1. On C-alpha positions alone, give me the angle between the axis of helix 67-77 and the longest principal axis of the chain, in degrees, nearest 10.
2. Would you work out which of ALA321, ALA337, GLN370 lies farthest towards the positive end of the dipole of segment 236-382, given +1 charges on the beta-carbon of Lys and Arg and -1 on that of Asp and Glu, about the Cα centre?
3. Between ASP147 and ASP15, what is the label-point separation in nm under the 7 Å Cα-to-beta-carbon projection?
4. Scaled to the compact-protein estimate 2.2 N^0.38 Å, what is the alpha-carbon radius of gyration of segment 119-276, rounded to two decimal places?
5. Using only the alpha-carbon atoms, how far is helix 7-20 inclined from the longest principal axis of the chain? Give it as 0 to 90 degrees, nearest 10.
6. Debye sum, Cα scatterers, the chain, no solvent: what log₁₀ I/I(0) at q = 0.14 1/Å?
7. Write down the Kirkwood hydrodynamic radius of segment 56-147, to one decimal in angstroms, obtained as one divided by the mean of 1/r over all alpha carbon pairs.
8. Taking H placed 1.01 Å from N in the peptide plane, check which residues at least 5 places from ARG220 or on another chain put their amide H under 5 Å from its amide H.
Amino acid sequence: MSDNIDEESFAAFLDGMRRFVRERLVPAEQQVEEEDEVPDSIVMEMMNLGLFGIGIPPEYGGLGLTVAQEARLSIVLGEASAAFRFVFMPNVGLGSRSILISGTDAQKRAYLPRLATGALRACFCLTEPGSGSDAASLRTAARRDGDFYVINGSKRFISNAPRADIFVVMARTDAQSSSGAGISAIIVERGTPGLQVGPAEKKLGQRGAPIADVTFDDVRVPAENLIGGREGLGFSTAMKVLDAGRISVAASAVGMARRIIDEASRYAVQRTQFGQPIAKFQLIQAMLADSETEYLAGHALTLQAAETLSRGGDARNLAAAAKYFCSESVSRIADRAVQILGGAGYISGHPIERFYRDSRVLRIYEGTSQILQLVIARTMLKGFE
Ligand code: COS
């Protein structure tokens, strides 16, 4: 429960979201897949529902949901195509949270109200061509020049970059340092000379959720755009933002798993072979039972991580474990669903074929499974060293 929305009102909000998913998002999935774009009418509805500001406090015009409430919402929204969540999640999670966690009061007042309504769209620029898992090695440089920073470098696979109005850029402000300590977070507004967004990439899945390169060629931004007003805060800000981001990815994997299992169960009950519905066969039941068990475990773990972070606890281990488990298990769940549907699940246009492709990237973005294993093991072993 949050200070802003009591449990009863939140439950009613979630019911409305379930209806929105069922009546508006699921019927539009195929259109999004074909057009590689979420229709404007749905984006407008998302704005009216307050989705762009779910995690932003009410004093800045948002709904002020806790991380735990956001996770429960992401589970509901995860049942529809991932592209929908991507319309507003970069605002809520990665973009606005950097400002929320480390920004000055002036930065919060300048950006959060417009991010909360969706009037401004944000993206989070961390990954570079030479720096993916090793985020602290990034090379984009921000050199202080009087009252300005001059940014040079390039970012890769930036979610929502083609739609973004502001870019939260992780850049090295201390040229002498090669570690995270020399990294700062700086806000760059679209239209600043020297900032360029490349074309949206063609991807294996998640059509309608654009990613692109962003390049900075002598981009001059006012020094007041330095998040927190102090150099060196960028890496730890990015890591804290990613803790919440990983919980959000885990939650959407849980929602995705629910939808996939339901689609596979419905098919298994309707599809007849050898004179009876295939759901009667124990080998089909075993696949469904394994998927349901993984869904239930992921659901519990995700809520545990989300509640820990909501209470202000250190959730880096739980967030990594939830994202690791849920992204790996939704891939297995999608794979079993294709197996249950057979040829029908391998044909373009079937939701199972789409979820099979869409789920794959969950094991990569916001920390690969292997990096998350390292984070978990490091935290575990610390107590024994
Ligand atoms: N919350 C707060 N601070 C954190 C943190 C977290 N979750 N994780 C790390 N930090 C801090 C550390 O405490 C450390 O601070 P001090 O130097 O003051 O002690 C600093 O950040 C450096 O941490 P660490 O030594 O763990 O950094 P490493 O370079 O060894 O690696 C990993 C950290 C590999 C975990 C990090 O680079 C990572 O998460 N990589 C994946 C990046 C990613 O997810 N990319 C996805 C693209 S974004 S969509």
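1. Rounded to the nearest ten degrees, it is 50.
2. It is GLN370, whose Cα lies furthest towards the positive end.
3. Distance between the two pseudo-spin positions: 5.4 nm.
4. 1.34
5. That helix lies at roughly 70 degrees to the long axis.
6. So the normalised log intensities are -1.22.
7. In segment 56-147 this quantity evaluates to 15.1 Å.
8. ILE151
Computed from the coordinates by the stated procedures, all read-outs in this text should not be read as laboratory data. The structure presented is a predicted model; accordingly, all values stated were derived computationally and were not measured. As a convention, Cβ positions derive from the backbone with ideal geometry for all residues, glycine included, and neighbour counts pool all protein chains shown.
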